[in-house]
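What follows is a short report on a single structure.
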Amino acid sequence: MRAVQFDMADPTFPASLVDLPEPALPSDAWARVAVTVGGICGSDLHLFAHNTGPSPTLAGMGAAFPFVLGHEIAGHVVEAGPQCPVQVGTRVAVDPCIPCAPRGIDPPCENCARGWTSSCLSLDSRIVSGGRSLGFTQALGGGWAEQVLAHASMLHAIPDAVADRGACLHEPVSIACHGILRAPPRDGEPVLIVGAGIIGLATLAALRGLFPSCPVTVVARHPHQAAAAAACGAAHVVRSDPASAHFEELATISGARVVGRKSNLMLMGGFPYVVEAVGAPRSVTEALRAVAHRGTVLLLGAAGVSEVDLTPVWYKEAALVGSIDHTVDAGSAPGLAGAPDQHSVDRALEVLAAGLLPDDVVVTHEFPLDAYRTAVDTAIDRGGAHAIKVVFRP
């Protein structure tokens with residue numbers, strides 16, 4: 001099969017398009033999926049451009065090298081092991097995480113036994129493959145490949161209402177659904193999303209699917225992102241300003257007032273629930289400065305080592321909440337995707353089926369695998385290319 005592999009073989013570009021042997025199913029409970037669409041995620045771009053701070057504590061966490069890229073994956077099953085209940089031909093969204101059950105670890109780790117598969121303690125075990133998830137493994141394929149292998153527990157049937165073109169959007173929407181249910185807003189309270197890339201827009205869609213009474217304000221850097229946020233149903237869209245002048249507009253929306261000097265501004269009052277959806281030091285600081293006293297800041301932007309202003313955390317007695325990956329969340333919400341004890345990928349598929357994240361708005365570019373360099377460059381150049389979600393169609 002053809003695959004884009006991160007291998008550092010070319011000093012001018014760290015990934016290569018290679019022909020790899022077709023991988024064998026690791027066990028009878030696994031399936032082979034022909035990839036229909038594979039997304040380029042912001043975390044993938046960290047490998048190609050230093051756009052956020054590094055995360056050195058995660059270095060060496062069982063990673064494989066070289067590895068096949070791509071963890072935003074949708075396709076259809078072309079082979080199923082005898083213990084895999086998903087039928088050949090089924091269109092599936094793939095949860096890329098590989099916790100204890102897919103690895104055959106029994107008894108499972110303490111967190112998987114609790115149902116916290118997003119917090120699996122065995123992700124660095126190297127059992128089945130090195131790498132914590134698809135997109136960072138060997139011998140399992142990936143989203144930037146013609147095929148991927150997945151355990152039955154990683155497969156989620158795609159509703160007919162979700163077109164192939166936008167099917168890989170399940171992954172960022174699932175990230176948002178799980179994060180929101182880690183520490184949900186109160187129904188009807190205002191929410192601010194800092195960032196209008198795909199994580200910000202996916203969070204907007206997830207909030208509309210989980211807490212439709214919450215009016216959502218989105219801070220967007222680029223004009224095309226602002227237009228997409230408006231098209232996806234934001235109550236207010238605010239263009240960010242390098243000198244923080246947009247804080248006056250945020251104050252008007254939230255009923256707060258602005259304090260501070262020059263670009264070091266903070267809302268006195270602010271939004272009771274804020275989602276940071278970029279991961280850059282400036283956006284983390286902005287999220288903290290915009291939150292209301294005793295409010296919640298949810299970090300979805302995968303920030304690493306960086307210099308941020310933590311003053312609002314103690315001064316406003318704010319709660320800072322982290323989240324990663326996908327799992328079954330016991331909590332519920334009043335919206336269409338809010339049933340209790342549901343997997344975050346299934347919630348995401350309900351959000352997509354309802355048209356809350358239209359692929360014609362957010363999937364801005366499609367490429368074949370052999371145009372992988374152009375695809376990555378396009379995804380990095382968000383402003384110039386007007387890119388939001390760039391996908392491969394293998």
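The values are calculated or read from the model by the stated rules, or taken from the named source; none is laboratory data. Quick caveat, the model's predicted, so the values are computed rather than measured. Quick reminder, even Gly has a Cβ in these numbers, built from the backbone with ideal geometry, and neighbours come from all protein chains shown. In case anyone asks, the SASA skips ligands and DNA or RNA and just uses the protein heavy atoms, side chains included. Shrake-Rupley method; radii C 1.70, N 1.55, O 1.52, S 1.80 Å.
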Give me the one-decimal nm value for the distance between modelled label points at Glu189 and Asp10, 7 Å along each residue's Cα-to-Cβ direction. 5.0 nm
Taking the Cα centre of the stretch 1-118 as origin and charging only Cβ (+1 Lys, Arg; -1 Asp, Glu), how large is the dipole, in debye to the nearest 20? 200 debye
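FRET efficiency for Val305 and Ala49, Cβ-Cβ distance as r, R0 = 22 Å, nearest 0.05?
That pair, Val305 with Ala49, gives E of 0.85.
Between Ala34 and Tyr315, what length in nm is gained on full extension when 0.36 nm per residue of separation is reduced by their alpha carbon distance? Walk me through the numbers before you get to the answer.
Working: separation 281, 0.36 × 281 = 101.16 nm, distance 5.15 nm.
Net length gain for the segment: 96.0 nm.
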Unit charges at the beta carbon, dipole of the chain: most positive-side option, Cys109, Ala330, Leu369: Ala330
Find how many whole Å separate the alpha carbon centroid of the stretch 172-194 from the alpha carbon centroid of the stretch 256-310. 16 Å
Amide H neighbours of Ser240 at under 5 Å, excluding residues fewer than 5 places away on the same chain, with H built from the backbone geometry, are Ala220, Arg221
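Treating the beta-carbon of each Lys and Arg as +1 and of each Asp and Glu as -1, no other charges, what is the dipole magnitude of the chain about its Cα centre, to the nearest 20 debye?
On the way: 25 positive and 37 negative charges, 200 e Å.
I would put it at about 960 debye.
Applying 1/(1 + (r/R0)^6) with R0 = 35 Å to the Cβ-Cβ distance of Arg294 and Ala157, what FRET efficiency is obtained, to the nearest 0.05? Don't skip to the end; give the middle numbers.
Working: r = 41 Å, r/R0 = 1.17.
The formula returns an efficiency of 0.30 here.
For the chain, what value does the Rg/Rh ratio take when both radii are computed over Cα atoms and Rh is the Kirkwood radius, given to two decimals? If you can, show how the numbers build up before the last one.
On the way: Rg = 20.3 Å, Rh = 21.1 Å.
That ratio is 0.96, to two decimals.
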Would you tally the net charge around Ile73, using a Cβ to Cβ cut-off of less than 13 Å, leaving Ile73 out, and scoring K and R as +1, D and E as -1? -3
Considering the dipole of the stretch 45-204 built from charges on the beta carbon (Lys and Arg +1, Asp and Glu -1) around the Cα centre, which of Gly89, Ala63, Leu155 is farthest to its positive end? Ala63
With n ≥ 4 as the cut-off for DSSP H runs, can you work out [θ] at 222 nm for the chain, using -39500 (n - 2.57) per run divided by the number of residues, rounded to the nearest 500? -6500 deg cm²/dmol
Contact order relative to length for the chain, counting C-alpha pairs under 8 Å separated by 6 or more residues, stands in percent at 18 percent
Calculated FRET efficiency for the pair Met268/Asp106, C-beta based, R₀ 45 Å, to 0.05: 0.25
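Considering only protein heavy atoms, what per residue accessible area in square angstrom results for the stretch 1-103 with a 1.4 angstrom probe? Walk me through the numbers before you get to the answer.
On the way: 4290 Å² over 103 residues.
Solvent-accessible surface per residue comes out at 42 Å².
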For the chain, longest principal axis from Cα atoms; helix 344-353 axis from its Cα atoms; angle between them, nearest 10 degrees, is 80 degrees
Would you please give the residues with an amide H less than 5 Å from that of Ala318, counting only those at least 5 places away or on a separate chain, with H modeled from the backbone geometry? Arg294
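Suppose every K and R has +1 on its Cβ and every D and E has -1 on its Cβ; what is the size of the dipole of the stretch 162-269 about the Cα centre, in Debye to the nearest 20? Show your work: numbers first, answer last.
Numbers: 9 positive and 7 negative charges, 49 e Å.
Once rounded to the nearest 20, the dipole reads 240 debye.
Order the peptides 88-94, 100-106 from the highest to the lowest mean number of other Cβ atoms within 10 Å of their residues.
The packing order, highest mean first, is 88-94, 100-106.
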Residue list for the stretch 1-24, given a label point 7 angstrom along the Cα-to-Cβ vector of Asp370 and an amide N cut-off under 18 Å: 1-5, 16-20
Rounded to the nearest 10, the angle in degrees between the Cα long axis of helix 281-290 and the longest principal axis of the Cα atoms of the chain comes to 50 degrees
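Heavy atoms only, probe 1.4 Å: what % of the accessible area of the chain goes to carbon and sulfur, would you let me know?
Values: 8350 of 15590 Å².
Carbon and sulfur: 54 percent of the exposed surface of the chain.
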